[in-house]
Amino acid sequence: MTASIGDNGSVSTDTQERTYTPWWGFALVVLAGLVAIGVFVSSASKAPLPKGVTHSEVVGKQQAVQDGKLEFAVEDVRRQVSEIGDAYFGTSPSAGSYTVVTLSVHNTSDEAVTFDGTYVMGLDSTGSRVPSDREAQYYANEDGSGMLTTLAPGVEIRTSIAFQVPESEKLVGVEVHDSVFSRGATILFKAPR
(Lines give C-alpha, C1' and ligand atoms only; values in the text may rest on other atoms or scores of the structure.)
Protein backbone atom coordinates (compact mmCIF):
# COMPACT_ATOMS: atom_id res chain seq x y z
CA MET A 1 0.00 0.00 0.00
CA THR A 2 1.38 3.42 -0.89
CA ALA A 3 0.22 6.78 0.44
CA SER A 4 0.81 10.19 -1.11
CA ILE A 5 -0.25 13.70 -0.28
CA GLY A 6 -1.97 15.48 -3.15
CA ASP A 7 -2.00 19.18 -4.06
CA ASN A 8 -4.87 19.95 -1.76
CA GLY A 9 -3.26 18.25 1.25
CA SER A 10 -5.52 15.20 1.19
CA VAL A 11 -4.03 11.73 1.57
CA SER A 12 -4.76 9.14 -1.08
CA THR A 13 -4.01 5.47 -0.74
CA ASP A 14 -3.48 2.90 -3.47
CA THR A 15 -4.28 -0.62 -2.36
CA GLN A 16 -3.10 -3.69 -4.22
CA GLU A 17 -5.68 -6.46 -4.29
CA ARG A 18 -4.61 -9.84 -2.95
CA THR A 19 -5.58 -12.94 -4.84
CA TYR A 20 -6.75 -15.97 -2.87
CA THR A 21 -7.27 -19.50 -4.04
CA PRO A 22 -10.74 -20.42 -2.86
CA TRP A 23 -10.60 -23.06 -0.08
CA TRP A 24 -13.36 -25.01 -1.74
CA GLY A 25 -11.23 -25.52 -4.84
CA PHE A 26 -8.64 -27.30 -2.75
CA ALA A 27 -11.37 -29.28 -0.96
CA LEU A 28 -12.82 -30.46 -4.31
CA VAL A 29 -9.41 -31.67 -5.47
CA VAL A 30 -8.90 -33.62 -2.23
CA LEU A 31 -12.43 -35.06 -2.39
CA ALA A 32 -11.95 -36.18 -6.00
CA GLY A 33 -8.70 -37.91 -5.01
CA LEU A 34 -10.37 -39.71 -2.11
CA VAL A 35 -13.24 -40.88 -4.32
CA ALA A 36 -10.78 -42.22 -6.89
CA ILE A 37 -8.86 -44.12 -4.20
CA GLY A 38 -12.12 -45.49 -2.74
CA VAL A 39 -13.30 -46.76 -6.13
CA PHE A 40 -9.94 -48.46 -6.71
CA VAL A 41 -9.86 -50.10 -3.28
CA SER A 42 -13.52 -51.15 -3.54
CA SER A 43 -13.04 -52.83 -6.90
CA ALA A 44 -9.76 -54.46 -5.89
CA SER A 45 -10.78 -55.81 -2.51
CA LYS A 46 -13.38 -58.45 -3.25
CA ALA A 47 -12.49 -60.29 -0.07
CA PRO A 48 -13.35 -63.92 0.59
CA LEU A 49 -15.15 -64.84 3.77
CA PRO A 50 -12.74 -64.75 6.70
CA LYS A 51 -11.29 -68.10 7.64
CA GLY A 52 -11.21 -69.10 11.26
CA VAL A 53 -12.52 -71.58 13.75
CA THR A 54 -16.31 -71.95 13.55
CA HIS A 55 -18.12 -73.26 16.61
CA SER A 56 -21.64 -74.62 16.91
CA GLU A 57 -22.80 -71.51 18.70
CA VAL A 58 -24.91 -70.00 15.95
CA VAL A 59 -28.05 -68.54 17.45
CA GLY A 60 -30.24 -68.53 14.35
CA LYS A 61 -33.48 -66.88 13.28
CA GLN A 62 -35.52 -68.33 16.12
CA GLN A 63 -33.46 -66.17 18.48
CA ALA A 64 -33.89 -62.91 16.52
CA VAL A 65 -34.11 -59.69 18.53
CA GLN A 66 -35.68 -56.34 17.68
CA ASP A 67 -34.14 -52.94 18.30
CA GLY A 68 -36.07 -50.01 16.93
CA LYS A 69 -36.96 -50.65 13.31
CA LEU A 70 -34.45 -53.47 12.74
CA GLU A 71 -34.50 -57.17 13.56
CA PHE A 72 -31.17 -58.94 14.12
CA ALA A 73 -30.14 -62.60 14.23
CA VAL A 74 -26.68 -64.17 14.57
CA GLU A 75 -25.98 -66.56 11.71
CA ASP A 76 -22.32 -67.43 12.27
CA VAL A 77 -19.45 -66.89 14.72
CA ARG A 78 -15.83 -67.40 13.66
CA ARG A 79 -13.09 -67.19 16.25
CA GLN A 80 -9.30 -67.00 16.04
CA VAL A 81 -9.30 -65.26 12.67
CA SER A 82 -5.77 -64.02 12.10
CA GLU A 83 -6.27 -62.18 8.82
CA ILE A 84 -9.19 -60.71 6.87
CA GLY A 85 -9.02 -59.83 3.20
CA ASP A 86 -7.00 -61.17 0.30
CA ALA A 87 -3.37 -61.15 -0.84
CA TYR A 88 -3.55 -57.50 -1.92
CA PHE A 89 -5.86 -55.77 0.53
CA GLY A 90 -6.60 -56.84 4.06
CA THR A 91 -5.80 -56.43 7.71
CA SER A 92 -4.48 -58.34 10.69
CA PRO A 93 -5.23 -57.72 14.37
CA SER A 94 -2.65 -55.68 16.28
CA ALA A 95 -3.00 -58.11 19.21
CA GLY A 96 -4.91 -61.33 19.76
CA SER A 97 -7.22 -62.35 16.93
CA TYR A 98 -10.49 -61.38 15.32
CA THR A 99 -13.86 -62.80 16.18
CA VAL A 100 -16.15 -62.34 13.18
CA VAL A 101 -19.90 -62.39 13.81
CA THR A 102 -22.23 -62.68 10.82
CA LEU A 103 -25.63 -61.08 11.34
CA SER A 104 -28.81 -60.92 9.36
CA VAL A 105 -30.32 -57.44 9.60
CA HIS A 106 -33.96 -57.01 8.55
CA ASN A 107 -35.85 -53.72 8.25
CA THR A 108 -39.27 -54.52 9.74
CA SER A 109 -40.61 -50.97 9.46
CA ASP A 110 -42.45 -49.21 6.63
CA GLU A 111 -39.67 -46.67 6.03
CA ALA A 112 -36.01 -46.76 5.00
CA VAL A 113 -33.46 -47.21 7.80
CA THR A 114 -29.70 -46.68 7.60
CA PHE A 115 -27.70 -49.37 9.40
CA ASP A 116 -24.03 -49.03 10.35
CA GLY A 117 -22.14 -52.07 11.62
CA THR A 118 -20.08 -49.90 13.96
CA TYR A 119 -23.23 -49.61 16.10
CA VAL A 120 -22.79 -53.30 17.01
CA MET A 121 -20.74 -53.96 20.14
CA GLY A 122 -19.17 -57.26 21.18
CA LEU A 123 -19.67 -58.51 24.73
CA ASP A 124 -16.81 -60.37 26.41
CA SER A 125 -16.93 -62.77 29.34
CA THR A 126 -16.17 -59.98 31.84
CA GLY A 127 -19.24 -58.05 30.70
CA SER A 128 -17.20 -55.38 28.91
CA ARG A 129 -18.19 -53.96 25.54
CA VAL A 130 -15.78 -54.48 22.65
CA PRO A 131 -16.05 -52.03 19.72
CA SER A 132 -16.10 -53.39 16.20
CA ASP A 133 -13.09 -52.91 13.95
CA ARG A 134 -14.24 -50.78 11.00
CA GLU A 135 -11.29 -51.61 8.73
CA ALA A 136 -11.64 -55.35 9.30
CA GLN A 137 -15.40 -55.07 8.73
CA TYR A 138 -14.75 -53.41 5.37
CA TYR A 139 -12.57 -56.30 4.21
CA ALA A 140 -14.89 -58.96 5.68
CA ASN A 141 -17.81 -57.82 3.50
CA GLU A 142 -17.31 -58.23 -0.21
CA ASP A 143 -19.94 -55.68 -1.19
CA GLY A 144 -19.51 -53.33 1.77
CA SER A 145 -22.83 -54.38 3.28
CA GLY A 146 -23.30 -53.17 6.81
CA MET A 147 -21.27 -50.02 6.38
CA LEU A 148 -23.82 -47.23 6.23
CA THR A 149 -26.27 -49.39 4.32
CA THR A 150 -29.75 -47.97 3.75
CA LEU A 151 -32.36 -50.70 3.96
CA ALA A 152 -35.71 -50.18 2.25
CA PRO A 153 -38.80 -51.49 4.07
CA GLY A 154 -38.76 -55.29 4.25
CA VAL A 155 -35.16 -55.61 3.01
CA GLU A 156 -32.74 -57.94 4.78
CA ILE A 157 -28.95 -58.04 4.47
CA ARG A 158 -26.24 -60.33 5.77
CA THR A 159 -23.17 -58.60 7.17
CA SER A 160 -20.02 -59.65 9.01
CA ILE A 161 -18.79 -57.59 11.98
CA ALA A 162 -15.19 -58.07 13.17
CA PHE A 163 -13.94 -57.55 16.72
CA GLN A 164 -10.32 -57.58 17.94
CA VAL A 165 -10.23 -59.89 20.94
CA PRO A 166 -7.19 -60.49 23.19
CA GLU A 167 -6.01 -64.12 23.44
CA SER A 168 -7.10 -64.22 27.09
CA GLU A 169 -10.69 -63.16 26.29
CA LYS A 170 -13.67 -64.47 24.38
CA LEU A 171 -16.80 -62.85 22.99
CA VAL A 172 -19.96 -64.32 24.48
CA GLY A 173 -22.46 -62.18 22.57
CA VAL A 174 -23.22 -58.95 20.76
CA GLU A 175 -25.24 -55.85 21.54
CA VAL A 176 -27.06 -54.67 18.40
CA HIS A 177 -28.46 -51.20 17.69
CA ASP A 178 -30.60 -49.78 14.91
CA SER A 179 -28.99 -46.37 15.48
CA VAL A 180 -26.32 -44.77 17.62
CA PHE A 181 -29.02 -43.51 20.01
CA SER A 182 -31.07 -46.68 20.46
CA ARG A 183 -31.23 -48.71 23.68
CA GLY A 184 -29.91 -51.83 21.98
CA ALA A 185 -30.69 -55.52 22.32
CA THR A 186 -28.40 -58.36 23.39
CA ILE A 187 -27.84 -61.67 21.63
CA LEU A 188 -25.82 -64.21 23.62
CA PHE A 189 -24.08 -67.01 21.73
CA LYS A 190 -24.77 -70.62 22.53
CA ALA A 191 -21.88 -72.43 24.18
CA PRO A 192 -19.78 -74.58 21.82
CA ARG A 193 -20.70 -78.28 21.93
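Please note which strands (runs of 3 or more DSSP E) are completely contained in the range 88-190 and include at least 1 residues that are among the hydroxyl-bearing types (Ser, Thr, Tyr). Full working, then the answer.
Working: elements: 97-107, 113-115, 121-124, 129-131, 149-151, 156-165, 171-176, 185-188.
Fully inside the range 88-190 and qualifying: 97-107, 113-115, 149-151, 156-165, 185-188.
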If I filter the range 65-81 down to residues being open to solvent by 40 Å² or more (accessible area, probe 1.4 Å) and within 20 Å of ASN141 (Cβ to Cβ), which single residue comes out as modelled with the highest pLDDT? GLU71
Criterion first (out of contact with any helix residue (DSSP H, G or I) (no Cβ under 7 Å at 6 or more places or on another chain) and closer than 15 Å to SER97 by Cα) does ASP124 satisfy it? yes
Can you tell me which residue in the range 174-186 is farthest from GLN66 (Cα to Cα), limited to those that are buried (at least 20 other Cβ atoms within 10 Å of the Cβ) and not charged (D, E, K, R)? VAL174
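If you take the residues in the range 114-131 that are within 16 Å of the chain's Cα centre (by Cα) and of a type in the set (Val, Ile, Thr), which one is farthest from ILE84 (Cα to Cα)?
Step one: of the range 114-131, the residues within 16 Å of the chain's Cα centre (by Cα) are 114-122, 130-131.
Okay, now just the ones that are also of a type in the set (Val, Ile, Thr), so 114, 118, 120, 130.
On the way: THR114: 25, THR118: 17, VAL120: 19, VAL130: 18 Å.
Residue satisfying both the conditions and the ranking: THR114.
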Scanning the range 82-141 residue by residue, the ones that are over 18 Å from LYS170 (Cα atoms), of a type in the set (Val, Ile, Thr) and open to solvent by 10 Å² or more (accessible area, probe 1.4 Å) total 5
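The values are calculated or read from the model by the stated rules, or taken from the named source; none is laboratory data. Because the structure is a prediction, the values reported are computed rather than measured. Heads up, the Cβs are rebuilt from the backbone with ideal geometry, glycines too, and the neighbour counts pull from every protein chain shown. For the accessible areas, the whole protein counts, side chains as well, though only heavy atoms, and no ligand, DNA or RNA atoms are used. Shrake-Rupley method; radii C 1.70, N 1.55, O 1.52, S 1.80 Å.
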